[in-house]
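The values are calculated or read from the model by the stated rules, or taken from the named source; none is laboratory data. Computed from a predicted model, the values in this text were never measured in an experiment. Here the Cβ is made from the backbone with ideal geometry for all residues, glycine too, and neighbour counts use every protein chain on show. Please note that ligands, DNA and RNA were not included when accessible areas were found on the heavy atoms of the full protein model with its side chains. Shrake-Rupley method; radii C 1.70, N 1.55, O 1.52, S 1.80 Å.
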Amino acid sequence: QVQLVESGGGLVQAGGSLRLSCAASGRTVSSYAMGWFRQAPGKERQFVAAIRRSGTNTYYADSVKGRFTISRDNAKNTVSLQMNSLKPEDTAVYYCAASIYLISSYDPRQYNYWGQGTQVTVSS
């Protein structure tokens, strides 16, 4: 079993950048495909980005494509989400998730472990 802890959230103005990190413990992150999801108040959890175990395949929601970049550092046991050109609609709690066997990166049901989330607020 792996434990996930997100960090790096905060308040930023529109057009700014943030870098979220997800630190894993208990097991190495290299054992999992990893994803980022977000949830705004009153809305369902939404897929943001995912990366395969090898790191060679990445996937993004259309709403963040070209602005966000997911990466992993298996040696440091971390996964990151670089967020650029942030918009007010990016405001949400961002969650890191790990999947043992990922078929569809967009489906939160395919992720086995979740972090507690980190708040990202983008002001206009």
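Here is how the numbers come out for the structure above:
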read-out: Matching entry among Ser54, Ser17, Ser85 (being free of Cβ contacts under 8 Å to residues at least 12 places away in the same chain, open to solvent by 20 Å² or more (accessible area, probe 1.4 Å) and polar (S, T, N, Q)); value: Ser54
read-out: Index of the failed condition, Gln39 passing every other in (1) under 12 Å from the mean Cα position of the chain (by Cα); (2) open to solvent by 40 Å² or more (accessible area, probe 1.4 Å); (3) free of Cβ contacts under 8 Å to residues at least 40 places away in the same chain; value: (3)
read-out: From Ser80, Ser30, residue being assigned to a helix (DSSP H, G or I) and among the small types (Gly, Ala, Ser); value: Ser30
read-out: Considering residues of the range 94-121 that are in a strand (DSSP E or B), surrounded by 20 or more Cβ atoms within 10 Å (Cβ to Cβ) and of a type outside the set (Ser, Thr, Tyr) only, the residue nearest to the chain's Cα centre (by Cα); value: Cys96
read-out: Answer residue from the range 42-51, given it is under 14 Å from Arg109 (Cα atoms) and not aliphatic (A, V, I, L, M) and is surrounded by the fewest Cβ atoms within 10 Å (Cβ to Cβ) among those; value: Glu44
read-out: Residue list for the range 1-14, restricted to those being at pLDDT below 95 and open to solvent by less than 60 Å² (accessible area, probe 1.4 Å); value: Val2
read-out: Conditions (1) among the aliphatic types (A, V, I, L, M); (2) surrounded by fewer than 16 Cβ atoms within 10 Å (Cβ to Cβ); (3) within 15 Å of Tyr111 (Cβ to Cβ); number of the one not met by Val29; value: (2)
read-out: Any hit, the range 56-64, residues being within 16 Å of Tyr106 (Cα to Cα), modelled with pLDDT of 95 or more, out of contact with any strand residue (DSSP E or B) (no Cβ under 7 Å at 6 or more places or on another chain) and not in a strand (DSSP E or B); value: yes
